[in-house]
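Report on the following structure.
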Amino acid sequence: MKIIYVDNNATTQVAPEVLQEMLPFFTETYGNPSSIHSFGGNVSYKLKEARARVAALLRAAPEEIVFTGCGTESDNTAIKAAILSSPDKKHIITTRVEHPAIKNLYEYLSKKGYRVTFVPVDRKGNLDIDFLYKNLSEDTAVVSIMWANNETGVIFPIEEIVAVIKERGIIFHTDAVQAVGKIPVDVSKVNVDMLSISGHKIHAPKGVGALYIRKGTKFFPFLIGGHQEKGRRGGTENVASIIGLGRAGELAADNLEVESGRVKFLRDKLENGILKRVPNSMVNGDIENRLPNTTSISFEFVEGEAILLMMDEFGICASSGSACTSGSLEPSHVLRAMGVPFTAAHGSIRFSLSKYNTEEEIDYIIEKLPPIIARLRELSPFWDK
Ligand code: PLP
């Protein structure tokens with residue numbers, strides 16, 4: 001059975017160009033980049049190239065990029081560095097709709113004595129910016145606000161927010177894991193102190209990420225060990241994956257405009273096709289202010305998990321809520337924060353596209369999904385038949 005993969009906010013296919021560039025570094029050029037001999041030195045040259053490529057994607061300087069083990073590590077590193085650099089401040093701010101990599105870290109820190117403010121969002125998933133500004137204080141050590149939401153795709157106005165936060169001298173971090181490669185992310189224009197990215201969301205492998213640290217930002221490593229990454233992240237580098245991330249970053253930078261336009265066309269076709277054919281379905285999140293590849297659609301009076309299982313029989317792979325929350329039957333914290341009614345939040349499906357999706361695939365989903373919802377509603381005690 002052909003797989004129709006529309007779960008690209010969970011993870012993406014490694015691009016063939018990326019894999020090709022990685023392969024020699026497993027079996028041929030496998031030296032340690034820290035070695036003195038030239039066999040290792042050749043590897044360190046490729047790491048340098050990867051760093052420059054990732055920097056170019058973000059419009060940063062290469063020395064502002066630290067490679068990490070994943071987006072989660074980048075997020076944890078940034079927040080921990082920020083609170084260590086302001087040890088007297090005990091207030092930290094984030095949003096109610098962050099990925100668990102930030103949300104659960106903040107909840108952990110609240111148990112360790114930090115006062116935490118979670119900024120709410122409105123029904124469309126847009127941030128309550130006045131609430132954020134009103135809660136800034138002399139005691140605030142760090143504000144972390146995601147660039148784009150992984151479930152709804154809603155984009156936050158980071159440029160506007162960061163200007164106010166920096167005026168107050170507070171450290172600002174953004175989780176740009178879902179934004180990078182899909183919309184322009186330019187740290188030469190947007191004055192963030194730290195920014196997280198993850199390889200496997202942009203067609204590089206899983207298990208590699210990067211943290212942008214603006215020059216001059218006080219920093220403390222999360223992994224303390226060897227002198228790798230100029231002492232900013234101990235541990236022998238995941239060489240092949242970093243090279244993959246570099247190539248993926250280069251591809252994303254080169255093709256962003258064309259590919260995001262094409263992906264948006266397919267996403268809109270999918271969304272409109274579904275909404276037209278399925279009654280009591282609605283989009284979650286601000287449709288004017290979203291990532292081009294993402295749509296979260298609620299189907300009232302059915303279970304998201306049941307929809308996923310039935311789509312799976314046709315080879316269609318999507319997510320209910322966030323991939324990281326699947327396995328639990330609770331509606332996602334993002335949809336709850338937006339005030340999506342329980343009957344709709346339970347039946348929400350996230351479709352997230354990539355450059356590898358085709359129009360035929362979209363037509364296939366539009367054909368297969370409506371009868372699935374109709375069948376499930378026939379079985380639902382809540383559906384008024
Ligand atoms: N932040 C966001 C917004 C994400 O969507 C994800 C992954 O789903 C992460 C962080 C974590 O990235 P990683 O899986 O590389 O740890």
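The values are calculated or read from the model by the stated rules, or taken from the named source; none is laboratory data. This one's a predicted model, so the numbers in the text were calculated from it and none came from an experiment. Positions of Cβ are backbone-derived with ideal geometry, glycine not excepted, and every protein chain shown enters the neighbour counts. Side chains are part of the model used for accessible areas, which takes the heavy atoms of the whole protein and leaves out ligands, DNA and RNA. Shrake-Rupley method; radii C 1.70, N 1.55, O 1.52, S 1.80 Å.
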Q | Complete set of residues in segment 20-38 that are open to solvent by 80 Å² or more (accessible area, probe 1.4 Å) and either of a type in the set (A, V, I, L, M, F, W, C) or over 15 Å from ARG247 (Cβ atoms) (or both) | A | LEU23, PHE26, THR27, GLU28, TYR30, ILE36, HIS37, SER38
Q) Of all the helices (runs of 4 or more DSSP H) wholly in segment 265-380, which have at least 3 residues that are in contact with a helix residue (DSSP H, G or I) (Cβ under 8 Å, 6 or more places away or on another chain) and on the phi < 0 side of the Ramachandran plot? A) 304-312, 333-337, 359-379
Q.
Based on this model, can you work out whether VAL258 counts as among the β-branched types (Val, Ile, Thr) and modelled with pLDDT of 95 or more?
A. yes
(Q) Tell me whether segment 295-318 contains one or more residues that are touching a residue at least 40 places away in the same chain (Cβ under 8 Å), open to solvent by 10 Å² or more (accessible area, probe 1.4 Å), within 24 Å of ILE183 (Cβ to Cβ) and not assigned by TED's automatic domain parsing to the domain that holds ALA176. (A) yes
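Quick one: would you say ILE161 is within 12 Å of the ligand (Cβ to nearest atom), modelled with pLDDT of 95 or more, out of contact with any Lys or Arg (no Cβ under 9 Å at 6 or more places or on another chain) and in the same structural domain as GLU138 (by TED's automatic domain parsing)?
So ILE161 fails the test.
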Q. Just to be sure, is ARG262 under 29 Å from MET22 (Cα atoms) and open to solvent by 10 Å² or more (accessible area, probe 1.4 Å)?
A. yes
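Quick check on my filter: what residues within segment 106-126 are β-branched (Val, Ile, Thr), in contact with a Phe, Trp or Tyr (Cβ under 8 Å, 6 or more places away or on another chain) and closer than 28 Å to VAL283 by Cβ?
The answer is VAL119, and nothing else.
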(Q) Where the second residue is part of a helix (DSSP H, G or I) and the first is among the small types (Gly, Ala, Ser) and lies in segment 71-90, which pairs have Cβ atoms under 7 Å and are six or more apart or on separate chains? (A) GLY71/ALA101
Q) So, of the residues in segment 363-384 that are closer than 12 Å to PHE314 by Cβ and surrounded by fewer than 16 Cβ atoms within 10 Å (Cβ to Cβ), which turns out to be farthest from the chain's Cα centre (by Cα)? A) PRO371
Q | Counted residues, segment 75-98 - those being open to solvent by 30 Å² or more (accessible area, probe 1.4 Å), more than 14 Å from ASP193 (Cβ to Cβ) and out of contact with any Gly (no Cβ under 8 Å at 6 or more places or on another chain) | A | 4
Q. Are there any pairs, at least 6 apart or on different chains, whose C-beta atoms fall under 7 Å, with the first in segment 323-337 and at pLDDT 85 or above and the second assigned to a helix (DSSP H, G or I) and away from the ligand (no atom under 11 Å from the Cβ), and if so, which?
A. PRO331/PHE342; PRO331/ALA345; LEU335/ALA345; ARG336/ALA345
Q) What are the residues in segment 212-224 that are under 25 Å from SER35 (Cβ atoms) and open to solvent by less than 60 Å² (accessible area, probe 1.4 Å), if any? A) PRO221
(Q) Looking only at residues that are closer than 18 Å to ILE83 by Cβ and within 16 Å of the ligand (Cβ to nearest atom) in segment 186-211, which one is surrounded by the most Cβ atoms within 10 Å (Cβ to Cβ)? (A) SER196
Q: Give segment 37-65 a look and list any residue that's under 29 Å from the mean Cα position of the chain (by Cα) and more than 19 Å from ASN238 (Cβ to Cβ), or say none.
A: ALA56, LEU58, ARG59, ALA60, ALA61, GLU63, GLU64
Q) So, of the residues in segment 153-180 that are within 23 Å of LYS90 (Cα to Cα) and in a loop (DSSP other than H, G, I, E, B), which turns out to be least open to solvent (accessible area, probe 1.4 Å)? A) ILE170
